[in-house]
Amino acid sequence: MTLNIETFIAGPLGNNVVLVSNVETRQAYLFDPSFEPQVVVDKILSEHLKLEKILFTHGHFDHFTGLAYVLSKVSPPPAVGLHSEDLTLWRQGGGARQFRITIDIPGDPDFLLKGGQVLTLGEDEIQVRHTPGHSPGSVIFYIPSQNTAIVGDLIFQRGIGRTDLDGGSYKTLVISVRTQVFTLPPATTLIPGHGPSTTVEEEMENNPYLDLPMEEGYD
């Protein structure tokens, strides 16, 4: 079966919202619904997609601020998944107060993700890989059949996610990238939480933030 992967750029921070759907069964998963979610809702409704799950790469507010709106427009309601290590961050508003932004905090997720978990969309596998560093519960979603990974704010094109926010660690992030991203096939497309897509090979060769020595205790 064939999956369609579509990325929507949303809001003032340029968040990448990813919709993955099965072109035959119309089943779909939504990743990191952010600001201005109407365009994504319009796509789901106009294509008669069956939105089964809404999944989060991590618990920062700009990645979940569109959740409540999507849930209010889609029926039946999809199951919401987040890694357990980011549940506290989620409940505290995802760091919105640090940026003096007021948001409505959503209820708890319906289920908790964990590293090594395998989800299925139709016959296609979606692997959950735990990648702390940007936040304690950051994960990436690797779709082998599409040679694609949705990587949130772990790694960007020639960049990495912030590690100066609560729960962040540079050393941990670099370890996550090296063990969970750079072990994927070199041609794997990486869809980050912000900015253009890239590949494993490109970042292994050109990302300047991952060549630094990992001194003990460096955060």
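Quick note: the coordinates plus some simple rules give every number you see, no bench work behind them. All values derive from a computational prediction rather than experimental measurement. Glycine also receives a Cβ, built like all others from the backbone with ideal geometry; neighbour counts cover every protein chain displayed.
Structural remarks
- For the range 187-202 versus the range 111-146, the inter-centroid distance based on Cα atoms is 16 Å.
- Separation of the Q38 and T25 label points, Cα + 7 Å toward Cβ, nm: 3.3 nm
- When the chain is described by a simple charge dipole with +1 on each Lys and Arg Cβ and -1 on each Asp and Glu Cβ, the residue from G133, Y29, G193 located farthest towards its positive end is Y29.
- Alpha-carbon centroid distance for the pair the range 168-186 / the range 1-79, whole angstrom: 26 Å
- A Förster distance of 35 Å, applied to the separation of the beta-carbon atoms of T183 and E6, puts the FRET efficiency at 0.85.
- Remark: the T88-H48 segment gains 11.0 nm on full extension, using 0.36 nm per residue and subtracting the alpha carbon distance.
- For the chain, built as a Gaussian network whose Cα springs stay under 10 Å, the top-fluctuating residue of T183, T198, T88: T183
- Here's how it looks for H83: its modeled amide H is under 5 Å from those of L113, which are all 5 or more places away or on a different chain.
- Gyration tensor verdict on the chain (Cα atoms; rounded if a/c is under 1.5, prolate if a/b is larger than b/c, oblate otherwise): oblate
- Approximate spin-label separation R158-K73, in nm, with each point projected 7 Å along Cα-to-Cβ: 3.5 nm
- Of all DSSP bridge pairs formed entirely within the chain, close to 65 percent run antiparallel.
- Rounded to the nearest 20, the size of the Cβ-charge dipole of the range 3-210 about its Cα centre is 380 debye, with Lys and Arg at +1 and Asp and Glu at -1.
- Computed E for E125/I101 - FRET, C-beta separation, R0 25 angstrom, nearest 0.05: 0.10
- Partner lysines for K171 [C-alpha distance under 24 Å; skip if fewer than 8 residues away on the same chain]: K114
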